[in-house]
1. Show me, for the stretch 224-237, the HN-Hα J-couplings you get by feeding each phi into the Karplus relation (A = 6.51, B = -1.76, C = 1.60, θ = phi - 60°), rounded to Hz, glycine and proline as x.
2. Based on the Cβ-Cβ distance of residue 189 and residue 49, what FRET efficiency does E = 1/(1 + (r/R0)^6) give at R0 = 30 Å, to the nearest 0.05?
3. Scale the Cα Rg of the stretch 1-127 by the rule-of-thumb value 2.2 N^0.38 Å and send over the ratio, two decimals.
4. Using modelled backbone amide H atoms (1.01 Å from N, in-plane), which distant-in-sequence or interchain residues come within less than 5 Å of residue 303's amide H?
5. Hey, got the dipole for the chain? About the Cα centre, +1 on K and R Cβ, -1 on D and E Cβ, debye to the nearest 20?
6. From largest to smallest, what semi-axes in whole angstrom does the stretch 338-418 give when each is the square root of 5 times an eigenvalue of its alpha carbon gyration tensor?
7. Antiparallel as a % of all DSSP beta bridges within the chain, to the nearest 5?
8. Using Cα-Cα distances under 8 Å and only pairs 6 or more residues apart, what relative contact order does the stretch 285-418 have, in percent?
Amino acid sequence: MSVDVILGLQWGDEGKGKIVDIFSSDYDIICRFQGGPNAGHTIIFDNKKYILHTIPSGIFHNDKLNIIGNGVVIDPVTFISEINELNNSNINIKNNLLISTSAHLILPIHRILDFVYENQKGDKSIGSTLRGIGPAYTDKIARRGLQLGLILKKDFNEYYKELTNFHLDYLNYLGVDIHKVKIENLTFKEYETKWFEAIESIKEYKISRTEYVLHEALKEGKKILAEGAQGSLLDIDHGSYPYVTSSNTTIGGVCTGLGISHNNINKVFGIVKSYCTRVGNGPFPTELNDDVSRELQTRGNEFGSTTGRARRCGWLDLSLLKRAIDINGVTELILMKVDVLDSLEYICVGEHIDNSDPYHPLVELISLPGWQKDTTKIKNYNDLPDELKNYISFIENKLNIPITMISVGPSREQILKK
Ligand code: GDP
Ligand code: IMO
Ligand code: MG
């Protein structure tokens, strides 16, 4: 039992990257198991900020192996530009990164399709990051997707053309002129050129059947940390469907996305923001649209790490949290961004008191006193304001689960053990 898991329990952006980075020193291997460049995981140390999209957040510890598992979808362009940024900071990852042969590729056409499908949905659009995630996973499930291992075959271009033409025919049928759709300010053809250059660069990295590597590591008693992307409420099965992402962000995704057994899973750390945010559309029962939400947005710098979009803000939702804890078998919680609440006179938590309409539950708010003190420099749990300790034990009692760590700022050192 030596795989521990870090999962976001809300709508993503809970602070997973920061915790994976901090925990990495205690593990041998750090793995991403699902999602793709829709993720944006922020890590801050030595006054420098890094945002990772595809690469596991253990990459800053150069003695650790980082694995991109079979459940991940990879956009070569984003992936290589992420690597280039790391290289510019003198972080070389060639020797400690392994990518699964069976991870799927996001093609330029997937990015166009994402845009077209979102447009078609009109006011029912998901608010996708438009990184091609949905269309790439659709092709995987439809059994016509391209696994990364194919890039090593001589006839890879034929596979590429076949899948691209399949979608071009459909877009043509819809009357979409793809030459009018830009991808990151580039035309389809320009982006395609960049994409093939990136494919060549990926060949310099280690591509292998990562499940075997993990099985061997487990036999040798090595410690593995699995890093979730997104959050449980964006899960394709358990999230607020259809306003979700296209992968299993919950615990099952760890087994399918890495090729390991549930018997190997030990601790499941649930990462929880001390309030809620959501970027993109869909239900948000405890959402606020007032001075408090503006305060949370400003103090919490709640703007997407991937798209820069403003995140919607609201109170902590205990009922959704309880469900996420049960689905994932969470063993302990890590409470993030409590410093963002420092200025508030009172803090609320929501509970669903009527779920007869599962899409629109009736929410009751419980109000607790705020602490109105700066927590960002506090190093010991005992020194936290009493009102904050009260907020923490209130959540623990309601959910019947321990909160073992509290984060009081974005940097590596702003973390307290309880
Ligand atoms: P992830 O996707 O779960 O890794 O989270 P993101 O990186 O997208 O968003 C979390 C944001 O909050 C980032 O800007 C972090 O630097 C920041 N952050 C993490 N922990 C804390 C904290 O305890 N306090 C504050 N104020 N910011 C934090
Ligand atoms: P991390 O790992 C927050 C949201 C999008 C949209 C929906 C579907 O940083 O927590 P997609 O691009 O998958 O088609 O978008 O999911 N979303 C995220 N929200 N954090 C993320 O990742 C997200 N990844 C996707 O905003 O509502
Ligand atoms: Mg994020």
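None of the figures in this text is laboratory data; all of them are computed from the coordinates on show. Bear in mind the structure is a predicted one, so any value in this text is a computation, not a measurement. Every residue, glycine among them, receives a Cβ derived from its backbone with ideal geometry; neighbour counts consider all protein chains shown.
1. Calculated HN-Hα couplings, in order: 10, 10, 9, 9, x, 10, 6, x, 4, 7, 10, 5, 4, 9 Hz.
2. Working: r = 34 Å, r/R0 = 1.12.
E between residue 189 and residue 49, to the nearest 0.05, is 0.35.
3. Numbers: Rg = 15.6 Å, N = 127, 2.2 N^0.38 = 13.9 Å.
Ratio of Rg to 2.2 N^0.38 Å for the stretch 1-127: 1.13.
4. Residues meeting the criterion, in which the H sits 1.01 Å from N, are 311.
5. On the way: 46 positive and 53 negative charges, 168 e Å.
With Lys and Arg at +1 and Asp and Glu at -1, about 800 debye.
6. Details: eigenvalues 148, 39, 28 Å².
With the √(5λ) rule applied to the stretch 338-418, the semi-axes are 27, 14, 12 Å.
7. Values: 23 of 60 bridges.
Looking only at bridges with both residues in the chain, the antiparallel portion is about 40 percent.
8. On the way: 210 pairs, mean separation 32.5, N = 134.
Relative contact order for the stretch 285-418 comes out at 24 percent.
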